[in-house]
Amino acid sequence: MKDQSLRKLQQEMDSLTFRNQQLAKRVELLQDELALSEAKGKKNKKSGDSSSQLSQEQKSVFDEDLQKKIEENERLHIQFFEADERHKRLEAELKNRLEVLETDAAQHQAVVDSLTRKYIDTIEKLQNDKTNLEIKSQTLEREAKECRFRAEECQQQLKNLHADLGRRLDDSLCIINEKVPFNDTRSIQYNALNVPLHNRRCQLKLRDIAGQALAFVQDLVTALLNFHTYMEQRVQIFPIDSATDTISPLNQKFSQYLHENASYVRPLEEGMLHLFESITEDTVTVLETTVKLKVFSEHLTSYTCFLRKILPYQLKSLEEECESSLCTAALRARNLELHNDMKKITAVFEKLHVYISLIVLPSIRPEGLLRTNYSSVFTHIAAGLHGFHNVMKEVSKHYSQKAALEHELPTATQKLITTNDCILSSVVALTNGAGKIASFFSNNLDHFMASLSYGPKGGTEFISPLSAECMLQYKKKAVAYMKSLKKPYSDSVPYEEALANRRVLLSSTESREGLAQQVQQSLEKIAKLEQEKEHWMLEAQLAKIKLEKENQKLKSSLSGQLIEPMPENSVLLNAAEQEKEVSIKKTSGEPVKKMSLIGMLTMTTGSKEAPEAKSREDLIKNHYMARIVELTSLLQLADSKSVHFHAECRALAKRLSLAEKSKESLVEEMKLASQSISRLQDELTTTKRSYEDQLSMMSDHLCSMNETLSKQREEIDTLKMSKVGYQVLYLLWA
């Protein structure tokens, strides 16, 4: 279009220039004619008036024509100038646009080149992938053939095993029909008395679950005790403080009831503890045998009655707080929300009490609950626990808002703030405990439902709690009978004991001979030291006896003198009395007994005391030496026993550490082995299914690759066409 307009303007310009040339030639001719006519006029000036008038008219005509031509020429010059300006502007615009298009064409060319390289690389990659997938498909086809061959072999083995088992079944049926006179599994009542197979793993799992439940219930009981106790404190101080004024009769009664909360809450923990203790490794735990669950249900019933009893007082107490002059509109709204929350808590506990009472029925009255409804009851219990958790979250939220509003009151005391914080912490603990119990019960819900089918072989349920109790008695008798069948081991050392002794020998860092030598040396040193100790003690005792003799002689010589007793010196008075007694004994010649920590010695006093001093000292020395030897032997015996006991303790401690290390290593190995077994089983199950899926996926992938290749070829063709179009446009603009 621009070229056409340019050519059109050029044609107009050419026509205008041609027309201007014509007009210029005409003007020249007219000027020449005018000059000729003027010349002729001068010559023929006198020719006549008629000819001059004619020439004058022609001149005026020519002037008019000339004027028109001049105006037309001027107009054409103006149009030509304007067209020339428009042409210049259009040419500048087209040049700018041409530059922009050239840059765009260069960018598009770069994009086309990059896309071309990218698609070439993609095509090469896809071709490589295609070849790899073809190779992989071939290998998978070979593996699939091998799997089919193995499957055929397995089917053949299965047929053989089926035939073998069928033959064995027929033989067993014949033996049973001929040899077994009474089959108690055909009768439900008799089958309920049979002892089921002992599932130790199930029992350990149930005991572990019961232990976790006991821990959660203990936390919940602690939180409930704190909640009721702090609520009692709050009733005593708000809205009226009992320390300064008397509270309302309603709050007094409410506080009295809250004070009794421990007698209703503590039994919940005790009931769960009894239930946990009743689940052992040796028992069979199903709903028909868990008779201790009834105790927990009764305690829960009493606590639910307690909540039902305090609910009206709690609601009236909240209404009384709302009617107080200190209560604002926002605080009144929070009290109304807590009013509804307290109703929900009581309703949730009543719901849980109903469903737990239903679970207790199989151990009391089996016809009260059908076995098909067990799973639905457990599901409703899980839903009730989640509802309890949601209600406690709402209570925590509303009470935190209420506490914040009460803290802003001008009459809020520090006691009220502390009590509110304690109540809020107990509510948070209740919320956390309820959440833990709800998640714990939901996670173990499948195990609860699966463990319900644990019963006698061939039967679906226990008929009654009495039959379950009889079954447990039979189980105890069977266990006792199996223990009585065990024969005693021979005199040879068992392998386990020999292995333990070897570990003891390996674990000891000191040899037995070295220890014996050290013990002997230590005992000899101790004996020497004890002998020296007793010798010096004997010397001290003899010196003390000699000192007493000298004192007695001195006192006997002064016995005739009068001694005045002093009130402030009672010790001298006692000494005088002792001197009198000794002098009386000396005069009478009776024997005197001397007591000490290591024995008793009898002495006689008389006139022959000086010659018999040496014999008496020898007697005392012999007596004490015999006593020393006896005590030394006893001390050595005690020391030897203590050293032996210490060595045994060290050996046992080292054996215990080695056993713990071996236990940890064995536990880790068992975990790794179980993980590898589960992984191999998963791989075995998945590889069989994956072969055909991989083949189908390979074919689908090849089809999709072909489609992508065709699409990419089409895109390359379109890019080439667009490239050619850009080049044509560029040439046209150039």
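Details
- Selection over the range 657-682 of residues that are aliphatic (A, V, I, L, M), under 26 Å from residue 500 (Cα atoms) and open to solvent by 50 Å² or more (accessible area, probe 1.4 Å) gives a count of 5.
- Of everything in the range 492-536 that is hydroxyl-bearing (Ser, Thr, Tyr) and surrounded by 12 or more Cβ atoms within 10 Å (Cβ to Cβ), the residue that is modelled with the highest pLDDT is 522.
- Subset of the range 291-304 (residues that are open to solvent by 20 Å² or more (accessible area, probe 1.4 Å) and in contact (Cβ under 8 Å) with a residue 40 or more places away in the chain): 291, 293, 294, 296, 301
- Count of the range 72-83 residues which are open to solvent by less than 100 Å² (accessible area, probe 1.4 Å) and either among the charged types (D, E, K, R) or in contact with a strand residue (DSSP E or B) (Cβ under 6 Å, 6 or more places away or on another chain) (or both): 2
- Summed over the range 239-251, the residues that are modelled with pLDDT of 75 or more and surrounded by 15 or more Cβ atoms within 10 Å (Cβ to Cβ) give a count of 3.
- Residue that is modelled with the highest pLDDT [pool: residues in the range 282-305 that are in a loop (DSSP other than H, G, I, E, B) and over 14 Å from residue 206 (Cα atoms)]: 292
- Members of the range 253-281 that are within 17 Å of residue 311 (Cβ to Cβ), without any contact (Cβ under 8 Å) to a residue 60 or more places away in the chain and in a helix (DSSP H, G or I): 255, 256, 257, 258, 259, 264, 265
- Meets criteria (among the aliphatic types (A, V, I, L, M), assigned to a helix (DSSP H, G or I) and within 26 Å of residue 411 (Cα to Cα)) for residue 361: no
- Pairs with Cβ under 7 Å, 6+ apart, first in the range 332-359 and under 19 Å from residue 424 (Cβ atoms), second open to solvent by 50 Å² or more (accessible area, probe 1.4 Å) and part of a helix (DSSP H, G or I): 334/401; 341/394
- The residue that is modelled with the highest pLDDT, counting only those in the range 449-464 that are open to solvent by 30 Å² or more (accessible area, probe 1.4 Å) and assigned to a helix (DSSP H, G or I), is 449.
- Counted residues, the range 537-557 - those being of a type in the set (A, V, I, L, M) and surrounded by 12 or more Cβ atoms within 10 Å (Cβ to Cβ): 4
- Any chance residue 351 is within 38 Å of the chain's Cα centre (by Cα), in the same structural domain as residue 410 (by the TED database) and among the charged types (D, E, K, R): yes
Quick grid of which residues meet (1) touching a helix residue (DSSP H, G or I) at 6+ places or on another chain (Cβ under 6 Å); (2) closer than 16 Å to residue 235 by Cα:
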residue	(1), (2)
309	no, no
316	yes, yes
355	yes, no
364	no, no
380	yes, no
383	no, no
387	yes, no
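- Picking from residues in the range 154-181 that are charged (D, E, K, R) and open to solvent by 80 Å² or more (accessible area, probe 1.4 Å), the one that is nearest to residue 685 (Cα to Cα) is 159.
- Number of residues in the range 288-311 that are of a type outside the set (Asp, Glu) and touching a Phe, Trp or Tyr at 6+ places or on another chain (Cβ under 7 Å) equals 7.
- The one condition in (1) at pLDDT 90 or above; (2) more than 26 Å from residue 428 (Cα to Cα) that residue 384 fails to fulfil: (2)
Residues are listed down the side, and each one gets a yes or a no for (1) of a type in the set (Ser, Thr, Tyr); (2) at pLDDT 90 or above; (3) open to solvent by 70 Å² or more (accessible area, probe 1.4 Å); (4) not assigned by the TED database to the domain that holds residue 331:
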{"position": "368", "(1), (2), (3), (4)": "no, no, no, no"}
{"position": "372", "(1), (2), (3), (4)": "yes, no, yes, no"}
{"position": "378", "(1), (2), (3), (4)": "no, no, no, no"}
{"position": "407", "(1), (2), (3), (4)": "no, no, no, no"}
{"position": "420", "(1), (2), (3), (4)": "no, no, no, no"}
{"position": "431", "(1), (2), (3), (4)": "yes, yes, no, no"}
{"position": "439", "(1), (2), (3), (4)": "yes, yes, no, no"}
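The values are calculated or read from the model by the stated rules, or taken from the named source; none is laboratory data. Because the structure is a prediction, the values reported are computed rather than measured. Cβ coordinates were reconstructed from backbone atoms using ideal geometry, including for glycine residues, and neighbour counts include every protein chain displayed. All accessible areas refer to the heavy atoms of the entire protein, side chains included, with ligands and DNA or RNA removed. Shrake-Rupley method; radii C 1.70, N 1.55, O 1.52, S 1.80 Å.
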